[in-house]
Amino acid sequence: MNFKYLSGAFFLGIVLLGVLIVFLFFTTTVETGNVGVITNFGKVTGQVLDSGWHIVGPIDHVTEISIRTITTQTDATCFSKDLQDVTIALAVQTRITKENATQIYQNFGVEYMSQATPKILDALKAETARYDAAEIIANRDKIRSEALKAAQERLANFVDVQDLSIVNVAFSADYAKAIEAKQVAQQRAEQAKYELQQAQVEAEKKVASAKGEAEAISIRGDALAKNPAVIELELINKWDGKSPDTLVTSGASGAGSIILPINHK
């Protein structure tokens, strides 16, 4: 037997076994978009691994934490300045960085958003309370902007709040009914106002027409009083070219008018 050959094969086997053991027990892979926080027997070491393949110690345990931007949506029950219930559906975009991943994991674990979300909602509620319920929808973008700034200040050096979006604003059923009743009343008031304006216009037209007719009658009366020949002129203008069938003449001593038939030949 070739002992030299056997010893070489044995040595190679030992090496391969060692490599296999290292590969199985002393390496780890961190997924893309995550970082790996290393702990030894539950204690955070402060060492953070980037995404990719790494060799770790025999007692190292790696916990992956996402550093991608994540979006969470939650409903916030708020109160307006006039103490109306307002339910706001809020979408929050947040992320953590590699630099603060160790501290966040040490203090809050992987469920760190359970600590961050209440602070974000408190910022939103504080802004909502500055407006009456009727003003909230009209100022929703301003509320969003101010709440974002407040949330970023409250969560500085913790979670990076990148954006807030107010998805929906809903009021209580009683307040919604009150708004609807108010809108109906306003519409009716506008309709009544319109109808009143129309009536006033029609009345003004009638007054103007009556005034014009009265003035015309007055002018004609004055003209007849000053110049009786105007009557003859109107008769001429209105004559249809046919001979009249009757003749109107004055009675004796001006005792009334007499209508005499005219016999045409």
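The numbers here are math on the coordinates, done by the rules we state, and not lab data. Every value quoted in this text rests on a predicted model; they were computed, and no experiment measured them. Cβ atoms come from the backbone with ideal geometry, glycine included; neighbour counts cover every protein chain shown.
Estimate the FRET efficiency between Thr45 and Asp141 by the formula 1/(1 + (r/R0)^6), using the beta-carbon distance for r and 45 Å for R0, to the nearest 0.05.
E between Thr45 and Asp141, to the nearest 0.05, is 0.50.
How charged is the neighbourhood of Ala210? Take every other residue with its Cβ under 13 Å from the Cβ of Ala210, and add Lys/Arg as +1 and Asp/Glu as -1. Don't skip to the answer; put the middle values down first.
Working: positive: Lys205, Lys206, Lys211; negative: Glu202, Glu204, Glu213, Glu215.
Its environment carries a net charge of -1.
How much length is gained on full extension from His61 to Lys193, taking 0.36 nm per residue of separation minus their Cα-Cα distance? Provide the component values of the computation, followed by the final result.
Values: separation 132, 0.36 × 132 = 47.52 nm, distance 7.71 nm.
This chain segment gains 39.8 nm when fully extended.
Given the pairs Lys81/Lys142; Lys119/Lys149; Lys81/Lys193; Lys119/Lys142, which span a C-alpha to C-alpha distance of over 21 angstrom in this model?
Values: Lys81/Lys142 15 Å; Lys119/Lys149 12 Å; Lys81/Lys193 32 Å; Lys119/Lys142 19 Å.
Where the Cα-Cα span goes over 21 Å, the pairs concerned are Lys81/Lys193.
Calculate, in nm to one decimal, what Gln115 and Gln103 gain on full extension: separation in residues at 0.36 nm each, minus their alpha carbon distance.
Numbers: separation 12, 0.36 × 12 = 4.32 nm, distance 1.35 nm.
Full extension of this stretch gives 3.0 nm more.
At what distance in nm do the modelled label points of Glu204 and Ala134 sit from each other, each positioned 7 Å from its Cα along Cα→Cβ?
3.0
Work out, step by step, the length gained on full extension between Gln162 and Gln93: first 0.36 nm times the residue separation, then minus their alpha carbon distance; give nm to one decimal.
24.3 nm
With the crude spin-label approximation of a point 7 Å out along Cα→Cβ, what separation in nm comes out for Asp174 versus Arg68?
Taking the simple label geometry, Asp174 and Arg68 are separated by 4.5 nm.
Which value in nm describes the separation of the simple spin-label points at Leu83 and Thr27, placed 7 Å from the Cα toward the beta carbon?
Once both label points are built, they end up 6.8 nm from each other.
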